[in-house]
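Here's the structure we're looking at; comments come further down.
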Amino acid sequence: MQRRSILTGSFALLTAGLGRAAWAHHGWRWTEDGNFELTGVITATRLGNPHGILEVDAEGEAWIVEVGQPWRNERAGLTDDMLVEGVEITASGGRSADPSENRMKAERVSIDGTVYELYPERD
Amino acid sequence: MLTAFAAALQDTDLATALRQSFWVYPLVNAGHIVGLALLFGAIVPLDLRLLGVWRQVPLAAMSRILLPVAIAGLLLAVPTGALLFSVRATEYAAMPLFGVKFALIACAIANALLLRLSLAWTVHEHSELAGTTPRLQLAGALSIGLWLAVITAGRMIGYL
């Protein structure tokens, strides 16, 4: 009886610990640490499941900015008609750890001074 | 030609609805996983039997249970997979890995059908024979290898 509760307790602790680590890194493993900021103009979009992306021209450089799935974008207050060609956008989040790849995953985007938080649990 | 078909598929109301959905897309995705889990989970013990594991158990006894489950899994995996594909058809059609996955599925199904038509299978299915034969072993090994490769290719598509 005592052994079983020790086993259950340790299992719960272990999964909780692993769970938190997984939560912190899921989907971000390919990005660098720290907050990378990019400002540019949207040139094209491919929104919707499974992954939404924006093609952004930042001072002549072509970048890919990953945004959320429909539910995540909407939760942040972003609708598809706000993310269209010609819109100036500032994206802040994780840059790809591969320096040869102009790609980032947005934690938040700001359009016209308004900030839209895609991942409020991330700073 | 394939790109034209993919573009048309992607533009259908159904594909568009899935692409814009909140919860239906991940549910379809989960359904695809359940399908492949049933397929692989059922086919592996059957393939192991073909290879000679549990050789005292008649093949017929195992296939009677495992084959319907495997087929049910395939029947769930295929339409859910088609739905998932349709959401970003042009992007997936352009990935070599997708062609590889399709080719592997075709080979795995061909392997199963050829086995079904083989003498070795017919003999074992209609008897209480124990043991196995080289023909059955070949099919079992190919089956495990091919379905494992299909699953791996599928996972890579969402990852790369």
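Extension gain for residue A:117 to residue A:51 (0.36 nm times residue separation, less C-alpha to C-alpha distance): 22.1 nm. Largest first, the three principal axis extents of the alpha carbons in chain B are 54, 30, 25 Å in whole numbers.
Which helices pass in chain B if a helix is a full DSSP H run, must span at least 30 angstrom along its long axis by Cα, and must have mean Kyte-Doolittle hydropathy not below 1.6?
Working: long enough: B:24-51 (40 Å, 1.57); B:59-87 (41 Å, 1.96); B:96-117 (32 Å, 1.78); B:134-157 (34 Å, 1.17).
Long hydrophobic helices here: B:59-87, B:96-117.
Subtract the Cα-Cα distance of residue B:33 and residue B:155 from 0.36 nm times their separation in residues, and report this length gain in nm to one decimal.
Numbers: separation 122, 0.36 × 122 = 43.92 nm, distance 1.03 nm.
Contour length minus Cα-Cα distance gives 42.9 nm.
Between residue A:43 and residue B:128, the modelled label-to-label distance comes to 7.4 nm, taking each label 7 Å out from Cα in the direction of the beta carbon.
Between residue B:113 and residue A:29, the FRET efficiency estimated from the beta carbon spacing at R0 = 35 angstrom works out to 0.30. Put the Cα centre of the range A:48-65 next to the Cα centre of the range A:78-123 and the gap is 9 Å.
For the pair the range B:5-36 and the range B:78-92, the centres of their Cα atoms are 6 angstrom apart. Computed about the Cα centre, the dipole magnitude for the protein assembly as shown is approximately 2020 debye when only Lys and Arg (+1) and Asp and Glu (-1) carry charge, each at its Cβ.
Read-outs throughout are calculated quantities, based only on the coordinates presented, and are distinct from any laboratory measurement. Keep in mind the model is a prediction, meaning the values are calculated, not measured. Neighbour counts run over all protein chains shown; Cβ positions are idealised from the backbone, glycine included.
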